[in-house]
Amino acid sequence: MATASPFDDLRARWLVVQFLLLVGAALGLYRLLGRPGSERIGGDERLGAVLVYCALGLVLLVRGRFARLNWRGLFGRWPTRTELPLLAVVVPIDLLTLGASIAVFVPLSYVAPRFVERFVLGASDLFDARSFGQWLGLVLVAAVAAPFVEELFFRGILLHRWARRWGTVPAVVASSVLFALLHAEWVGHLLFGVAMCALYLRTRTLWLPILAHALSNFIIALTTLPDALRHTPPTPETLESLRGEWPLGVAGLVAGGALLAWYLGRWWPGGRLRAALAGPVPYDVYAASATAPPDSTSAS
């Protein structure tokens, strides 16, 4: 008989419902009290994103407390120096995400141009930082709030909940697919989700995927810093400019694939990646080690 787990009470569907309710309440409060376009708070999109992440974080904290979740067992220890080089996975994954985005949306721009214009090219003003203050707001959202809350939600709560129900490999796939669907580009974010799961399952510390996620988003945010320092809006991307980027997409796919192959060979030799993805989830390992009797052979 399976032992009881806090994740038996952390049902994914209810987490999503509670998240949506709190997001609606947060955005409603912002519309009543907020100041759209305020330089001090960094603009509509950035304040709205902060409210969304605060709402999701509140859901996770409340539900985890009621489920008696051991946060130390979920987050694990701080990464060691030998584990920090694993953060380099964001380089090939970011290149693949760039290449996959262009590879997906360039053909789609010919089939559904209005969809691409509305939901891809003009989907968000979050990265439209026109001052250093707004850029700092962007960094706060993209490199602090988003990595912490999203990794806690997808790789922390959902991965463990679905591993409890279906097994580790299906949980990795399901949590990564959901993560990708909630972002504008799907292929690269699916790979990113799997990579973050692999980091967590191998090292058993959630801090490593949090740091990797933060590093990836910070690199993207750095590309907007020159426009922010010049106080000029970024050049809006059009369908024509997007279609002209296909060589960049091909280069990103080739370079990202080559670097990822090297990375896997360097850090995951001999099938260790498959073993990590199929292995027990970190919380179960922690629970087993915390409840296991002392090893009598180690007694002096």
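Derivation of every value follows stated rules applied to the coordinates shown; laboratory data play no part. Predicted, not measured: the structure shown is a model, and the values here were computed from it. FYI the Cβ positions are ideal-geometry reconstructions off the backbone, even for glycines, and counts take in every protein chain you see.
Observations on the model:
- Extension gain, Leu273-Thr3: 0.36 nm per intervening residue step, less the Cα-Cα distance, totals 94.5 nm.
- Rel. contact order, % - alpha carbon contacts under 8 angstrom, at least six apart, the chain: 28 percent
- Cα centroid of segment 205-229 to Cα centroid of segment 68-114, whole Å: 11 Å
- With contributions of -39500 (n - 2.57) from each DSSP H run of at least four residues, the per-residue ellipticity at 222 nm computed over the chain stands at -20500 deg cm²/dmol.
- In this simple spin-label model, placing a label point 7 Å from the Cα along the Cα-to-Cβ direction at both Arg65 and Arg13 gives a separation of 2.7 nm.
- Ranked by the mean number of other Cβ atoms within 10 Å per residue, highest first, peptides 193-204, 241-252, 213-224 order as 193-204, 213-224, 241-252.
- Estimated from the Cβ-Cβ distance and a Förster radius of 25 angstrom, the FRET efficiency linking Arg118 and Ile220 is about 0.70.
- Options [x] 22; [y] 18; [z] 12 - which one matches percent of Cα pairs over 36 Å apart as calculated here: [x]
- Acute angle (nearest 10 degrees) that the helix 168-181 long axis makes with the longest principal axis of the chain, alpha-carbon atoms: 20 degrees
- Arranged from fewest to most other beta-carbon atoms within 10 Å of their beta carbon, Val120, Val62, Val111, Val177 become Val111, Val62, Val177, Val120.
- Net +/- balance of residues flanking Leu259 in space, Cβ distance below 11 Å, scoring K and R +1, D and E -1: 0
- Counted by neighbouring Cβ atoms within 10 Å, the residues Val89, Val139 run from fewest to most as Val139, Val89.
- Unit charges at the beta carbon, dipole of segment 71-280: most positive-side option, Val172, Val139, Leu215: Val172
- Rounded to the nearest 20 debye, dipole of segment 180-300 from Cβ charges on Lys, Arg, Asp, Glu: 380 debye
- Each of Tyr53, Tyr263 has some number of other Cβ atoms within 10 Å of its Cβ, and from fewest to most they run Tyr263, Tyr53.
- Charge sum, other residues only, whose C-beta stays under 10 Å from Arg63's C-beta, Lys/Arg counted +1 and Asp/Glu -1: +1
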